Structures are given as structure tokens and as C-alpha cells.
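Here's a structure for you.
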Amino acid sequence: MPAFKEEDYMLAPVNFISSINFELRTYFDPSGPHTNYAKKWSDIDMDLMQEKDFGGQIKNKGAFKDILPGIIEGKENKLDIAKSIYYYLQKNIVWNDFLGKFAENGIKKALETKKGNIADINLGLVAALNAAEVEAYPVIISTRNNGIPSYIFPVMTDFNAVICMAKIDGKDYLLDASKKFLPFGELSLSSINDRGRVIFSKNQSDWVTLANAVPSKKSYNIMAKLDSTGKMKGTIRAQYNGLDALIKRSEIDSYNTFEEYEEKLVEGVSSIRLMSSKVENLEEVEKSLIEVMEFEMDMRDNYRGDNFILNPIMYDRTTNNPFKLDERNYPVDLGAPQIEVFNINISVPVGFNLSNKPKDSAMTLPENSAKYTFRSIFDNNILLLQQTTTLNKAIFTPEEYFHLKEFFSRIIQQQMTDFQFKKI
């Protein structure tokens, strides 16, 4: 058999490798009685709702009796009430990194000890929302690395975690209060795995698509000035939204101090020297995460006095194509639509003209699934460059793979061409 080759932006390999899986259906006891294990969804729904560590937690509204009035004080509409409860649990119970469909300690103990597994937190969220008269239900899911659950037969072992769905003013919100820095109504990449099962009651459940409506977006605004000695100074202002903001916030939080993060950031950027950096809205997760960096760059190797070359995309440039296979027989799953924007303004010394530059470029994939634009202007000693890369959907089929691979290949080629300046 040919080897299965993994690549970026894919779900668990188990989804795409042919296999036959068996689950025990019935056990016949020699003395006569027999037990059925393979069940219908209605059986599973009933078992979950009767289970103390699942349905019992959802019914435990009493755990919030004393604290709920303070959490929702001053909140008038149901969306604001739901957000207050969500962020309270997110900030006051630390996820212990354990998954599971069933509560480990229960919401009451999780509130007391301020930690719990994913079910402690999200089943507690369902209970708290219902206690505040916000319609909410548990959603059992299989995380991204665990494989897609079977749609043909109800298999409980396919599911390894639980999140929450709130119905507010005719709109469904998927919520996971276990993940630090995750905004209300968004899911982390690990939870975006095709579909989950909403448990409405003891005899009713249904599939729900696991997806983020908010695109994953990075915007870079670079302002810099090149002096006559070949030294450049400037500012990089990076703005992150959606999954990119979650990833960046989690990265910063993984260090003991912001100074440690700065040191690692400096090590990871070889072409420029970071002088200082600061972050805005680290804890305010519904706002864009903003990072501002002051930098210096020595261009003397490319600066000859009467001419010099410059590549303006000096930070977070795409240098490697994530798609390398000749043929990919499984989808490209990004988790969310993606947008990347560069706006660059570089002032060059007086007396230089632009002698050669990359051609302006625009590419669009079929059905507008992806788009790339590259535009530059040199006027009054200022080089202006705008580059935008947009992937308008989260999932690309195997049939679209070649186009996507070629799309990124051409972006990399475009970015490798330098701007050349000569003295007048």
C-alpha cells in the first residue's frame, strides 16, 4: 500500500486511512439474559441525560444560586447576560487540560477549587445559562485530533469532549468557556471538526456544524525610513482577529513574563532588530489584539551609495509553500476563512529613483475561493506597497488542491523580487 503523507491544514489522519472498526453490539450471558451495547441515538440521549456527571450537571442550577445575581447584575438583554456568565466561568475556572464528555468533579466543586475538566466547565455553563433563563444545550464533539464521529451508527466512543450551544434571539452560539482568550461565540481550532451532536433532551438530539463565522485575520502596517547610511528605522503595527488572535494571545500567555516573550520574539526575527514592543487588548478578547514593535534594520550589504535593493515585506513573509504534495486526496481544512494584509510605507533618501520593481499582480481562484493582490507606488521619495491574501472559505476540496498549491507558489515568487533603486 502507498504511504499516507501528512501535510499542513488537515484533520486527523485516521479520517483518511481505510480501516474497518468494530464495536461490541450484544453480549449474551450463558445463563440467559443478554445486553445490547450498540444503540440508537434516542438510547444514547437518554443515557447521557440520566448520567449524574452529564445530565445531572446540567440540572444543577443550585450551584449558581448565590453568585448568579452578581454575575448578571445590570444586564438587560439575554445576549449580555449570556456573555457575562460565559466570561465569568472562563476567568474563574481554569481548564486542567483534560477532555471528556463527563464531569470530573462537578460544577460545584469546580467553582470552589477554580479548576476542572472541559465537561465541568461547559456543562456548568449550560446549567448557569438555563438558570438565567437563557436557552442552552450541551454539544458532544470529537476534537480535531480524535477523528470525525460516525454519522451512520451512533458510537459514543467517537466523542471525547463537550461544549455548549446557546439559542439567543433566533441565533445559535457555540461556546467553549474552557479555552482561555476564546471570545464568546467562537471555537478554537481543536474543536472545529466537522460536526457535533446537540443533546436537546432524553429523546432528541441532532447534528450541528462546528465552524467559525469570524475570519482569521492578520494585518501589518509598516512605517519606516531609510537614511543615507543604509540604516532603516520604523514601526510594525500588527493586528490580529479570529483564530489568529487566539493563537497569538495563547503564545504570549505561555511565557512567564512579557519580557521572556520579547526575548523569544527577537530570536525569531533575524532580518531586523527589535528595539521594543508592546501589546494592546491582551485580556479584552472581543477586541483586536494589537502588537506594536519598534525596529532597526542594517541594509549596508544591499546599500552601495549610488544604488540599493529593498524587499519591503520584512516581517512574517511567506517563504515556504505549505502545500508540497503532487496529489492530495483529502481536503485542506484551515479552520476558518483567512485574510492577511500588508500596508507598507517606506521613505527612502532624496536623490534616488525606482529603477526596477516587481510587477503589480492580481490572482483569483475559481468561484472567488481565494484572491491575491500586490500593488506598489513610488512617489515623492516614498514607496507604498499593499499586499492582500484572502482565502474566502475554510475548506478546499482535493480537486482544488493543485490550484491552491500554485496560488501560494506564485505568492512566494512575487515576494522574492526586490525593489531596485538608483541614484539620480
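Across the range 305-334, what is the total count of residues that are over 30 Å from ILE377 (Cβ atoms), buried (at least 16 other Cβ atoms within 10 Å of the Cβ) and of a type outside the set (D, E, K, R)?
Matching residues across the range 305-334 total 5.
Output the residues belonging to the range 281-322 that are without any contact (Cβ under 8 Å) to a residue 24 or more places away in the chain and under 30 Å from LYS423 (Cβ atoms).
Across the range 281-322, the qualifying residues are ASP301, ARG304.
I'd like to verify a number: residues in the range 247-280 that are surrounded by 16 or more Cβ atoms within 10 Å (Cβ to Cβ), in contact (Cβ under 8 Å) with a residue 40 or more places away in the chain and either more than 24 Å from THR319 (Cβ to Cβ) or among the acidic types (Asp, Glu) (or both), how many?
Residues meeting the conditions: 1.
Quick one: which of ASN122, ASN130, ASN96, ASN146 is in the same structural domain as GLY196 (by TED's automatic domain parsing), touching a strand residue (DSSP E or B) at 6+ places or on another chain (Cβ under 9 Å) and crowded, with 22+ Cβ neighbours inside 10 Å? Write out each step before concluding.
Details: ASN130 fails: crowded, with 22+ Cβ neighbours inside 10 Å; ASN96 fails: crowded, with 22+ Cβ neighbours inside 10 Å; ASN146 fails: crowded, with 22+ Cβ neighbours inside 10 Å.
Exactly one residue qualifies, and that residue is ASN122.
Restricting to the range 213-246, what's the tally of residues that are surrounded by fewer than 21 Cβ atoms within 10 Å (Cβ to Cβ), assigned to a loop (DSSP other than H, G, I, E, B) and under 27 Å from the mean Cα position of the chain (by Cα)?
3
For the range 390-424, enumerate the residues that are assigned to a strand (DSSP E or B), of a type outside the set (A, V, I, L, M, F, W, C) and touching a residue at least 60 places away in the same chain (Cβ under 8 Å).
Scanning the range 390-424 gives GLN420, LYS422, LYS423.
Here is a further query. If you take the residues of the range 44-83 that are exposed (fewer than 14 other Cβ atoms within 10 Å of the Cβ) and among the acidic types (Asp, Glu), which of them is nearest to the chain's Cα centre (by Cα)?
Only one residue fits best here, namely ASP80.
Return the residues of the range 21-35 that are modelled with pLDDT under 85 and part of a loop (DSSP other than H, G, I, E, B); say none if nothing qualifies.
Of everything in the range 21-35, those that are modelled with pLDDT under 85 and part of a loop (DSSP other than H, G, I, E, B) turn out to be ASN21, PHE22, GLU23, LEU24, ARG25, GLY32, PRO33.
Sticking with this structure for a sec: Restricting to the range 351-377, give me the number of residues that are farther than 30 Å from ALA336 by Cβ and within 36 Å of the chain's Cα centre (by Cα).
3
Which residues, counting only those in the range 18-71, are closer than 25 Å to ASN203 by Cβ, touching a helix residue (DSSP H, G or I) at 6+ places or on another chain (Cβ under 7 Å) and of a type in the set (Phe, Trp, Tyr)?
PHE54, the sole residue that qualifies.
Contact list please: Cβ distance under 7 Å, first residue in the range 181-206 and in the same structural domain as PHE98 (by TED's automatic domain parsing) and under 11 Å from LEU48 (Cβ atoms), second residue among the β-branched types (Val, Ile, Thr) and buried (at least 17 other Cβ atoms within 10 Å of the Cβ), pairs at least six apart or on different chains.
ARG197/VAL139; ARG197/ILE140; ILE199/ILE140; SER205/VAL198; SER205/ILE199
Determine whether the range 192-200 contains at least one residue that is modelled with pLDDT of 95 or more, assigned to a helix (DSSP H, G or I) and within 12 Å of the chain's Cα centre (by Cα).
No - not one qualifying residue is present in the range 192-200.
The values are calculated or read from the model by the stated rules, or taken from the named source; none is laboratory data. Being a predicted model, the structure only gives us computed values, none of them experimental. Because the Cβ atoms are built from the backbone with ideal geometry, glycine has one as well, and the counts that use them run over all protein chains shown.
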